[in-house]
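These notes concern the structure reproduced below.
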Amino acid sequence: MLKIHTLGGYNEVGKNMTAVDTGEDILVFDCGLYLPAVIDLQETEKRPTSKLLASAGALPDDSFLWKNKDRVRAFLITHAHLDHVGAVHYIATKYPKADIVATPFTIELLKTLIQDSNIILKNKLVSIKSDSYYMVKGKNTEYKVDFVNITHSTIQSTIIALHAKEGVVVYANDYKLDNNPVIGLPPNYQKLKELSKEGVKALIVDCLYSGDERKTHSEKIARAMIEEVLLTVDHGKNGIIISTFSSHIARLKSIVEFSKKLDRKVIFAGRSLAKYVRSAEKAGQYPFDKDIKVLGYPNQVKSALKQIDKNREAYVLVCTGHQAEPGSILDRLVTGNQLPFSFRPHDSVIFSSKVIPVPVNQANRAAMDKKLRMKDVRIFDNVHVSGHGGREDLRDLIGLLKPEHVIPSHGGLDKTTPAMELAKELGYKYDKTAHLCQDGSVVYIN
Ligand SMILES: [Zn+2]
């Protein structure tokens, strides 16, 4: 019998972690942070300890793993977003014999997180290409684990398929079905069909937007939106400042390419941008010209801003702060916090992002927008397409995989209930083959 423990990301959007207990061995999918709690903490603590993070509710609860610590064999990480990988070093350090397996971009990013935290991690870090597999050694069994290429809002994202004696357990957190990604390949439909043929026992699936009756648009649509806002709006000699998710390498690629058509130089500024762009470079995925400046250190950023302030028509500044995070570059530009740049009327701020609907982000952004308006800055909000599938993506994914059991994840009941309704529509039975979980639930599968 398989037991699926839904440890994090079922009461909230964040700190994703799910463990599969085969009876002998435990394999863990994802190990992420609850970011709103981290943002709150960062206002007072520069480098929060794992104890502080845990008491703030930023880490998934690993007490089940700790009770069974000798049976934890691997942490299998789907992609490089912090709500999936950001807690690995805080938690996996307690299980040093468990391998940590992910695609190269995620591993490179994790290395920077480890370095920044000062944690010494003894676990083996395994960097594995998309569309390949890893064998996890159990007590008496070896488990084949596929890392299947999937489209999302960061590069080298995967759906993970664990081949257990009872059948395949597929973990699809996060995904959308995008046949025209700006970087990388479309989803590996062929492999998903093969898994279905083999027999998918359970599907643990991202249902963040399962309540939205739509198919999520392709990243090529976001690219067209960037093109429109940069090339069809008359920016004249005014400043252009863009903020997007630092991990969204494909979006950054579109921003760079259309900025160049404006004959402006592009500067990336901010620590997390530098971190993700450098990780992409190390993972062999650097889709930018060599003349792009990537500035992570405060002194570098300051001297670049001095240049931009004097000669704003020559630059596009791409910076951190689309959620108005305190201390981000955009936040400091808006509040005038010791940076040598001041907004002028008709400068543009483009948010290639959506406000993450949690109170701390909503409040921060509302305050930022108000300040920008007072300076007569033009705001272009929501120049963005999500990386999460809608209800119709979910229907198609379930149709492709034909799992025996569906376990909606990536949010509380408001997010998981619509996915349960869809499952019911598709013939699944509440509590028997479709499972509404919360953090700490256990699903038993024969
Ligand atoms: Zn994600």
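Protection proxy ranking, highest mean first, for peptides 232-238, 125-131, 74-80: 74-80, 125-131, 232-238, where packing is the per-residue count of other beta-carbon atoms within 10 Å, averaged. Residues GLU404, GLU108, arranged from fewest to most other Cβ atoms within 10 angstrom of their Cβ, appear as GLU404, GLU108. Ignoring aspartates and glutamates fewer than eight residues from LYS237 along the same chain, the ones with Cα atoms less than 17 angstrom from its Cα are ASP263, ASP309, GLU313, ASP347, ASP376.
Put a dot 7 Å past the Cα of LYS290, heading toward its Cβ, do the same for SER127, and the two dots end up 2.1 nm apart. Test of understanding: extend the Cα→C-beta vector of ILE119 to 7 Å, then name every residue of the range 270-288 with backbone N under 13 Å from that spot. No residue passes the distance filter. Taking the Cα of ARG214, stepping 7 Å toward and past its beta carbon, and measuring to each backbone N in the range 176-196: which are under 19 Å? Answer for the range 176-196: 176-182.
Length gained on full extension, HIS346 to LYS139, computed as 0.36 nm times the residue gap minus the Cα-Cα distance: 68.1 nm. Per residue, the chain reaches -10000 deg cm²/dmol at 222 nm when only DSSP H runs of four or more residues are counted, each adding -39500 (n - 2.57). Each part reduced to its alpha carbon centroid, the range 43-86 and the range 407-427 end up 25 Å apart. For labels at LYS111 and LYS67 in the simple 7 Å Cα→Cβ model, what's the distance in nm? Those two pseudo-labels are separated by 3.8 nm.
For a quick check of your reading of the filter: which trypsin sites (Lys or Arg not before Pro) in the range 274-353 sit in a DSSP loop and have no more than 14 other Cβ atoms within 10 Å?
LYS290
Modelled spin labels at ALA366 and GLU227, positioned 7 Å past Cα toward Cβ, are 3.7 nm from each other. Within straight-line reach of LYS253, meaning a Cα separation under 18 Å, sit the following lysines at least 8 residues removed in sequence or on another chain: LYS220, LYS261, LYS265, LYS275, LYS282, LYS290, LYS293.
No lab work stands behind these numbers, since they all come straight from the coordinates. All figures in this text were calculated on a predicted structure; none of them were measured in a lab. Neighbour counts are summed over all protein chains in view; Cβ atoms, including those assigned to glycine, are modelled from backbone coordinates with ideal geometry.
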